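The values are calculated or read from the model by the stated rules, or taken from the named source; none is laboratory data. Predicted, not measured: the structure shown is a model, and the values here were computed from it. Because the Cβ atoms are built from the backbone with ideal geometry, glycine has one as well, and the counts that use them run over all protein chains shown.
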Amino acid sequence: MVFTSHIFVFYFLPLLLLVYFNLPHRGRNLFLALISYLFYGWWNPYFMLLMCASTLINYGAGRVISVPSAGPGRRLAALIVAVIANLGLLGFFKYFMLFTNGINALLAIRGFDLLPVLSVTLPIGISFYTFQAMSYTIDVYRGEARPARSLIDFACFVSLFPQLIAGPIIRYHTVAEQLIYREHTAPRFASGVGLFIVGFAKKVLLANIMGEIADAVFGAAQPSPIDAWFGVLAYAFQIYFDFSAYSNMAIGLGRMIGFEFPRNFNAPYLADSITEFWRRWHVSLSTFLRDYLYIPLGGNRKGPVRTYFNLATVMVFGGLWHGANWTFVAWGVAHGVLLIFERWMGKESIYRSLPRPLRVVVTFVLVLLTWVLFRADSLPAAGAFYAAMFGLANHGGVSSTLLAGEIHSVQYALVMFVCLVLTIQPVQAFDWAGRPHRPAVALLLLLMFVVSLLILSTQTFNPFLYFQF
């Protein structure tokens with residue numbers, strides 16, 4: 001079930017709110033856990049078993065670790081078992097096919113018989129809730145979080161439907177008190193509705209339309225340089241408004257039921273360096289990788305060479321987290337190289353002497369170039385697309401003309417211009433949408449919601465990109 005669907009908007013959400021606010025406080029976490037499992041199992045009921053297993057493993061490990069009489073060895077053993085189990089589940093369902101195909105490629109070179117390839121269905125959102133559940137066990141072990149008071153509370157935390165599928169990744173200690181008691185007020189509920197509407201509009205009116213352009217260009221055999229740049233620009237806006245839309249809706253839905261989730265985006269296309277970009281883009285993942293990988297590896301405390309190695313390792317893992325494809329690894333490597341170069345330059349970009357507006361433009365172009373790796377189906381396809389962007393490929397006349405007729409229109413140009421304005425203007429939608437008590441804001445939100453619902457009824461293209469991660 002997706003947020004931008006009539007089933008969710010007209011049936012699931014109203015029924016959830018009606019039941020939730022008529023339950024006593026002690027029953028609300030159980031209800032949220034059950035309704036979240038229903039939400040998750042809408043795609044495939046068997047996926048619920050995997051999430052349940054992850055919940056039980058991490059809750060059990062947390063209980064063992066928190067026992068006062070447990071010695072250091074027993075606590076460490078519980079942590080290791082939980083981490084291996086989490087990474088094992090994630091590794092099998094997400095990377096087994098990549099690993100098997102890699103082994104077969106080596107066997108084919110040597111002339112050996114190939115291994116049978118088992119087709120594994122990727123459970124939706126597994127990277128998000130696995131990292132979230134695992135962070136609980138690690139934080140309990142470190143003493144940074146108290147153990148959950150009950151399995152129901154912990155199951156509610158892991159399965160909480162607003163951010164279950166595509167984040168933001170929530171650390172247990174940030175919502176521990178809210179699981180016990182959370183305040184429900186009309187202003188908070190209204191701000192949640194405002195954020196949900198903004199996210200809903202971003203997805204339907206911007207991300208989906210940009211996705212149509214990106215799919216057409218990346219699916220073309222021989223795009224011209226202009227078409228290629230137009231396509232990757234569309235993808236940059238698609239992935240931004242797709243993911244920021246989900247984050248807005250997730251935070252908004254959380255506020256409706258009394259939770260406050262951390263902000264996941266902060267105008268990333270206004271960054272004036274790659275280092276700053278990663279402080280603004282997918283903040284919850286950046287923070288997770290910093291706290292659970294970069295710092296444990298030594299961070300920047302063991303000299304420059306070790307720092308560069310740690311940055312490269314983190315970005316490679318960040319790329320792999322997004323998907324089992326060498327294109328994601330290459331994307332992570334590209335960002336790792338850029339981060340290392342900026343660190344070598346003293347945490348400053350090579351273009352630091354330029355005025356800030358120009359630094360922002362250069363950074364955006366660098367991010368744009370790396371998005372090609374993120375979007376391409378394979379490394380050869382990415383190479384061909386780069387060749388098209390820089391005029392190194394013979395794009396041909398017929399294919400280019402057909403593609404131009406498909407993607408170049410007044411509607412697409414207008415939507416792309418709106419995307420550009422919204423990504424660079426200083427006042428973010430997250431800030432003003434949370435103040436729907438103002439009559440002008442409330443009227444604008446209502447208009448956006450009505451228009452979005454009308455447009456949604458005409459769309460057949462409505463994927464959330466981060467669901468695949």
| said: Checking the condition free of Cβ contacts under 8 Å to residues at least 24 places away in the same chain and assigned to a helix (DSSP H, G or I), which residue from V333, V367 passes? | reply: V333
| Restricting to region 247-279, what's the tally of residues that are farther than 29 Å from I340 by Cα, in a helix (DSSP H, G or I) and charged (D, E, K, R)? | 1
| Scan of region 213-265 for residues that are among the charged types (D, E, K, R) and under 28 Å from V283 (Cβ atoms), ordered by number | D215, D242, R255, E260, R263
| Within region 353-364, considering residues that are outside any helix (DSSP H, G or I) and surrounded by fewer than 12 Cβ atoms within 10 Å (Cβ to Cβ), the one farthest from the chain's Cα centre (by Cα) | S353
| query | Quick one: would you say G318 is buried (at least 20 other Cβ atoms within 10 Å of the Cβ), in contact with a His (Cβ under 8 Å, 6 or more places away or on another chain), assigned to a helix (DSSP H, G or I) and not acidic (D, E)? | reply | yes
| query | Taking interchain pairs and intrachain pairs at least six residues apart, which have beta carbon atoms under 9 angstrom, with the first residue in region 66-80 and touching a residue at least 12 places away in the same chain (Cβ under 8 Å) and the second outside any helix (DSSP H, G or I) and small (G, A, S)? | reply | A78/A70
| task | Search region 52-65 for residues that are assigned by TED's automatic domain parsing to the domain that holds C156 and pair each with any residue that is surrounded by fewer than 16 Cβ atoms within 10 Å (Cβ to Cβ) when their beta-carbon atoms are under 7 Å apart and the residues are at least 6 apart or on different chains. | result | Y59/L151; A61/V81; V64/A70; V64/R74
| said: Could you check region 302-316 and list, in sequence order, the residues that are farther than 9 Å from V333 by Cα and small (G, A, S)? | reply: G303
| request: State whether one or more residues within region 385-400 are at pLDDT below 85, of a type in the set (S, T, Y) and under 14 Å from I213 (Cβ atoms). | output: no
| note | Screening V450, V372 for residues that are of a type outside the set (D, E), modelled with pLDDT of 90 or more, crowded, with 16+ Cβ neighbours inside 10 Å and in the same structural domain as F243 (by TED's automatic domain parsing) leaves only V372
| request: Go through (1) modelled with pLDDT of 85 or more; (2) loosely packed, with under 13 Cβ neighbours inside 10 Å and name the single condition P426 misses. | output: (1)
| said: For N300, only one of the following conditions fails: (1) surrounded by fewer than 20 Cβ atoms within 10 Å (Cβ to Cβ); (2) polar (S, T, N, Q); (3) part of a helix (DSSP H, G or I). What is its number? | reply: (3)
| message | When the residues of region 331-357 are narrowed to those that are modelled with pLDDT under 85 and aliphatic (A, V, I, L, M), which ends up nearest to P380 (Cα to Cα)? | response | I350
| Considering only residues of region 318-376 that are touching a helix residue (DSSP H, G or I) at 6+ places or on another chain (Cβ under 7 Å) and aromatic (F, W, Y), which is farthest from I239 (Cα to Cα)? | Y351
| note | Checked region 9-27 for anything without any contact (Cβ under 8 Å) to a residue 24 or more places away in the chain and farther than 24 Å from I152 by Cα; matches are F10, Y11
| task | Please tell me if L151 is surrounded by fewer than 19 Cβ atoms within 10 Å (Cβ to Cβ), at pLDDT 90 or above and within 20 Å of L32 (Cβ to Cβ). | result | yes
| query | Among L289, L205, which is the only one that is closer than 30 Å to I138 by Cβ and either β-branched (V, I, T) or surrounded by fewer than 22 Cβ atoms within 10 Å (Cβ to Cβ) (or both)? | reply | L289
| said: So the check is Cβ under 7 Å with 6+ separation or different chains; which pairs have a first residue in region 177-197 that's over 22 Å from F265 (Cβ atoms) and a second one that's polar (S, T, N, Q)? | reply: L179/N29
| query | Do you know which of the residues in region 63-77 that are surrounded by 15 or more Cβ atoms within 10 Å (Cβ to Cβ) and closer than 18 Å to S150 by Cα is modelled with the lowest pLDDT? | reply | S66
| field | Answer residue from region 253-287, given it is closer than 24 Å to I197 by Cα and charged (D, E, K, R) and is farthest from the chain's Cα centre (by Cα) among those | value | R255
| message | Being in a helix (DSSP H, G or I), surrounded by 12 or more Cβ atoms within 10 Å (Cβ to Cβ), modelled with pLDDT of 70 or more and outside the structural domain of L164 (by TED's automatic domain parsing) is the requirement here; does V421 meet it? | response | no
| said: Looking at V193, V198 in this structure, which one is in contact with a helix residue (DSSP H, G or I) (Cβ under 8 Å, 6 or more places away or on another chain), surrounded by fewer than 24 Cβ atoms within 10 Å (Cβ to Cβ) and farther than 23 Å from A148 by Cβ? | reply: V193
